[in-house]
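Step one of this worksheet: look at the structure below.
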Amino acid sequence: GEKPYHCDICGKSFSENTTLIKHIRIHTGEKPYHCDVCEKSFSQSIHLTRHKHIHTGEKPHECGICGTPYSCDVCGKSFSQSNDLKKHNRIHTGEKPYHCDICGKPFYQNSDLTKHIRIHTGEKPYHCDI
């Protein structure tokens, strides 16, 4: 799809302006969402919402439609999203479905493979302005 919103700092493009605004906070370090209990701050409102469960003791780690909890059958760890549970299960099964095309090293998650590939390419996407 079309991505008309561009980050002036790193050049990354986005389909929605709101996503660009959230992205820019990575560069600026802005954390406009503050916990009124412990003063911790977050860059996105969803992160503050999840954090607040620490104080309330609420454990909303279940499907919002059917109420089924996303908990690991092996260790009991709970997750707020089913996809996170699927990724977690790979720790127990040993499944590493993502492989480096260059050296063959396997990974549990695609994001880990993406970071690894930078070893081969020399890409350094994060720059310190200090």
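The values are calculated or read from the model by the stated rules, or taken from the named source; none is laboratory data. From a predicted model like this one, the values you see are computed outputs, not experimental measurements. Quick reminder, even Gly has a Cβ in these numbers, built from the backbone with ideal geometry, and neighbours come from all protein chains shown.
Give the residue that is modelled with the lowest pLDDT, with candidates limited to residues of the range 46-77 that are among the charged types (D, E, K, R) and assigned to a loop (DSSP other than H, G, I, E, B). Out of the qualifying residues, it is Lys59. Do you know which of the residues in the range 12-28 that are at pLDDT below 90 and of a type outside the set (Lys, Arg) is surrounded by the most Cβ atoms within 10 Å (Cβ to Cβ)? Step by step, filter the range 12-28, then rank; the result is His23. Taking the range 84-121 as the range and being on the phi > 0 side of the Ramachandran plot and either in a helix (DSSP H, G or I) or at pLDDT below 90 (or both) as the test, only Gly94 passes. Residues of the range 1-28 being assigned to a loop (DSSP other than H, G, I, E, B) and either over 24 Å from Pro125 (Cβ atoms) or without any contact (Cβ under 8 Å) to a residue 12 or more places away in the chain (or both), which ones? Matches in the range 1-28: Pro4, Asp8, Gly11, Lys12, Glu16. Considering the range 29-40, and only residues there that are loosely packed, with under 14 Cβ neighbours inside 10 Å and within 19 Å of the chain's Cα centre (by Cα), the residue that is farthest from Asp129 (Cα to Cα) turns out to be Pro32.
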